[in-house]
Amino acid sequence: MTISNSYSQTDSKEEVQQEFMFYVYSDGNRITDLTSEKQKLHIQKVGAYIENLARTGKLKDAQPLEMEGTKISSNKGNFSETQLNKDKKVIAGYYHILAVNMEEAINIAKADPRFEEEGWEIVIRPIKKVEGIN
């Protein structure tokens, strides 16, 4: 099994697009805290951001997530289930992005219109290439 770092720099003059996951975190359900007019504006702005990423070839996928969910953990075969607390910080969605390097990925994330509002974070993770898995 070969593991490589997907965001390492390349020496070639051709810029290789690498894959990154953006995990969008929200302090509680930020959308329901907005007025219906501001919800509509938020959706329009984020929709335009996503459309631009797709048009420029930077977006592989993006989806919002429901605020509810279950976390499953195991300790020596004993499973436990915990309901997510939708009033706390949770992953509200994700982007699967193509970028030349981490710097470009950061710049793409900083352009997300959610940052015009309070209570949002984006965690950027390079996708690791593992032969036989992806």
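Some points to look at:
- Identity of the residue in region 81-101, under 22 Å from Val46 (Cβ atoms) and hydroxyl-bearing (Ser, Thr, Tyr), that ends up surrounded by the fewest Cβ atoms within 10 Å (Cβ to Cβ): Tyr94
- Test: residue in region 55-72 that is among the basic types (Lys, Arg) and on the phi > 0 side of the Ramachandran plot: no
- If you go through region 40-67 and keep only what is in a helix (DSSP H, G or I) and of a type in the set (A, V, I, L, M, F, W, C), you end up with Leu41, Ile43, Val46, Ala48, Ile50, Leu53, Ala54.
- Of all residues in region 107-128, those satisfying the criterion of being under 19 Å from Lys58 (Cβ atoms), touching a strand residue (DSSP E or B) at 6+ places or on another chain (Cβ under 9 Å) and open to solvent by 50 Å² or more (accessible area, probe 1.4 Å) are Asn107, Lys110, Phe115, Val123, Arg125.
- Count of region 22-49 residues which are in contact with a strand residue (DSSP E or B) (Cβ under 6 Å, 6 or more places away or on another chain) and either open to solvent by 50 Å² or more (accessible area, probe 1.4 Å) or on the phi > 0 side of the Ramachandran plot (or both): 3
- Here region 69-123 is the region considered, the condition is being in a loop (DSSP other than H, G, I, E, B) and of a type in the set (Gly, Ala, Ser), and the residue that is farthest from Asp33 (Cα to Cα) is Gly77.
- Considering (1) of a type in the set (Asp, Glu); (2) farther than 20 Å from Glu15 by Cβ; (3) surrounded by 17 or more Cβ atoms within 10 Å (Cβ to Cβ), the lone condition that Glu104 does not fulfil carries the number (2).
- One residue stands out in region 51-70 among those that are more than 25 Å from Lys88 (Cα to Cα) and free of Cβ contacts under 8 Å to residues at least 40 places away in the same chain: the one that is least open to solvent (accessible area, probe 1.4 Å), namely Leu59.
The values are calculated or read from the model by the stated rules, or taken from the named source; none is laboratory data. Note that this is a predicted model, so its numbers are computed, not measured. Here the Cβ is made from the backbone with ideal geometry for all residues, glycine too, and neighbour counts use every protein chain on show. Each accessible area value is taken on the protein alone, full model and side chains, heavy atoms only, with ligands, DNA and RNA left out. Shrake-Rupley method; radii C 1.70, N 1.55, O 1.52, S 1.80 Å.
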